[in-house]
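The values are calculated or read from the model by the stated rules, or taken from the named source; none is laboratory data. As the structure is a computational prediction, the values presented were derived from the model and not from experiment. For neighbour counting, all protein chains shown are included, and Cβ atoms are generated from backbone atoms with ideal geometry for every residue, glycine included.
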Amino acid sequence: MADIRLQKVLADRGVASRRASERLIAEGRVRVDGKLVTQLGTQVDPSATIEVDGLPLGAAPRRRYLVLHKPRGIVSTARDERGRQDVVALVGAPERLYPVGRLDADSEGLLLLTNDGDWAERVLHPRNGHDREYEVSVLGGVTREALAKLRSGVELEEGTARADTVRVVSRTATGGTLRLVLRTGWKRQVRRMCAAVGLRVTGLRRVRLGPLLLGRLAPGSWRELSAREIKLLGTAAR
């Protein structure tokens with residue numbers, strides 16, 4: 001069998017996405033036939049003995065594609081250095097799953113989990129154009145000016161962040177509830193965008209990713225994606 005890149009082997013075995021597998025290699029957490037490998041792009045024999053964090057990889061597992069309603073207080077990582085409960089432990093699947101993208105610990109809503117690294121990369125790749133919709137509770141002045149700034153763009157460290165659409169769901173004496181649609185998924189992006197226009201986020205829930213709706217899935221509950229959903233998420237948005 002021809003040698004292939006180590007990060008692809010890890011992704012194919014369900015360890016992580018290719019990008020996350022590259023981080024595992026660079027962090028010195030991967031050994032091949034007992035030898036530590038830290039060089040990205042290293043070609044290996046897929047039949048070699050490969051270990052991650054001291055644990056040997058088994059054969060390629062069956063592919064799993066799940067949608068979870070992540071509750072608040074649960075971290076969207078495969079493991080947490082601070083010992084907090086993570087989404088992988090919450091689901092409790094026998095396969096080694098990992099989250100597709102991120103959702104802050106203090107946020108809730110739609111989160112995908114899989115062991116198909118190539119599919120995960122396609123879901124998140126900008127060329128596929130899957131937007132993200134959030135329901136956001138805020139304190140502060142929900143003014144026309146604030147909404148206009150969210151639409152026109154605010155400057156964040158990564159660049160200019162714009163909401164495709166912003167809709168006011170309700171108003172209160174101290175704030176309100178918004179629906180925001182974004183094309184990017186930067187770290188804590190919604191909270192930072194709102195802060196830039198004088199709004200403090202008190203509640204955040206992702207309700208849609210591309211064609212997939214959270215629907216009535218209860219917090220802490222999950223289900224398998226249908227074949228149609230898997231295909232739609234793995235291809236370009238229309």
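Let's see how each residue does on (1) surrounded by 15 or more Cβ atoms within 10 Å (Cβ to Cβ); (2) touching a strand residue (DSSP E or B) at 6+ places or on another chain (Cβ under 8 Å); (3) closer than 23 Å to residue 130 by Cβ; (4) not assigned by TED's automatic domain parsing to the domain that holds residue 25:
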residue	(1), (2), (3), (4)
85	no, yes, no, yes
89	no, no, no, yes
108	yes, yes, yes, yes
113	yes, yes, yes, yes
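From the list 237, 173, 195, the lone residue that is closer than 21 Å to residue 129 by Cα and surrounded by fewer than 18 Cβ atoms within 10 Å (Cβ to Cβ) is 237.
For residue 157, are the conditions met, namely being acidic (Asp, Glu), assigned by TED's automatic domain parsing to the domain that holds residue 200, surrounded by fewer than 18 Cβ atoms within 10 Å (Cβ to Cβ) and over 26 Å from residue 100 (Cα atoms)?
On the way: acidic (Asp, Glu): yes; assigned by TED's automatic domain parsing to the domain that holds residue 200: yes; surrounded by fewer than 18 Cβ atoms within 10 Å (Cβ to Cβ): yes; over 26 Å from residue 100 (Cα atoms): no.
Considered against the rule, which asks whether it is acidic (Asp, Glu), assigned by TED's automatic domain parsing to the domain that holds residue 200, surrounded by fewer than 18 Cβ atoms within 10 Å (Cβ to Cβ) and over 26 Å from residue 100 (Cα atoms), residue 157 comes out as no.
Across the range 41-52, the qualifying residues are those that are in contact with a helix residue (DSSP H, G or I) (Cβ under 8 Å, 6 or more places away or on another chain) and modelled with pLDDT of 90 or more, and the one among them that is nearest to residue 22 (Cα to Cα) is 42. A count restricted to the range 92-106 and to residues that are touching a helix residue (DSSP H, G or I) at 6+ places or on another chain (Cβ under 8 Å) and over 21 Å from residue 24 (Cβ atoms) stands at 1. Evaluate the following for residue 234: is it at pLDDT below 95 and under 17 Å from the mean Cα position of the chain (by Cα)? Yes.
Of the listed requirements (1) among the basic types (Lys, Arg); (2) in the same structural domain as residue 119 (by TED's automatic domain parsing); (3) modelled with pLDDT under 95, residue 223 misses just one: (3). For the range 55-72, the candidate set comprises residues that are loosely packed, with under 12 Cβ neighbours inside 10 Å and of a type outside the set (D, E, K, R); within that set, the residue that is farthest from residue 34 (Cα to Cα) is 59.
Might you let me know whether the range 17-25 holds any residue that is among the acidic types (Asp, Glu) and touching a helix residue (DSSP H, G or I) at 6+ places or on another chain (Cβ under 7 Å)? Looking for residues that are among the acidic types (Asp, Glu) and touching a helix residue (DSSP H, G or I) at 6+ places or on another chain (Cβ under 7 Å), one finds at least one in the range 17-25, hence yes.
Kindly indicate whether any position in the range 55-64 is in a loop (DSSP other than H, G, I, E, B), at pLDDT 95 or above and of a type outside the set (Val, Ile, Thr). Even if it seems obvious, please write down each step before you answer.
Our first condition is that a residue be in a loop (DSSP other than H, G, I, E, B); within the range 55-64, this holds for 57-64.
Retained after the next criterion (residues that are at pLDDT 95 or above): none.
No, the range 55-64 has no match at all.
For the range 187-238, what are the residues that are assigned to a loop (DSSP other than H, G, I, E, B) and of a type in the set (Val, Ile, Thr)? Result: 197, 235.
Please work out which residue is farthest from residue 207 (Cα to Cα), limiting yourself to the range 95-153 and to residues that are β-branched (Val, Ile, Thr) and in a loop (DSSP other than H, G, I, E, B). Quick ask: steps written out before the conclusion?
If we filter the range 95-153 for residues that are β-branched (Val, Ile, Thr), which is where we start, we get 100, 114, 123, 136, 138, 142-143.
Subset that is in a loop (DSSP other than H, G, I, E, B): 142-143.
On the way: 142: 21, 143: 23 Å.
So the residue we want is 143.
Residues in the range 70-86 include at least one that is in contact with a Gly (Cβ under 9 Å, 6 or more places away or on another chain), of a type in the set (D, E, K, R) and outside any loop (DSSP other than H, G, I, E, B).
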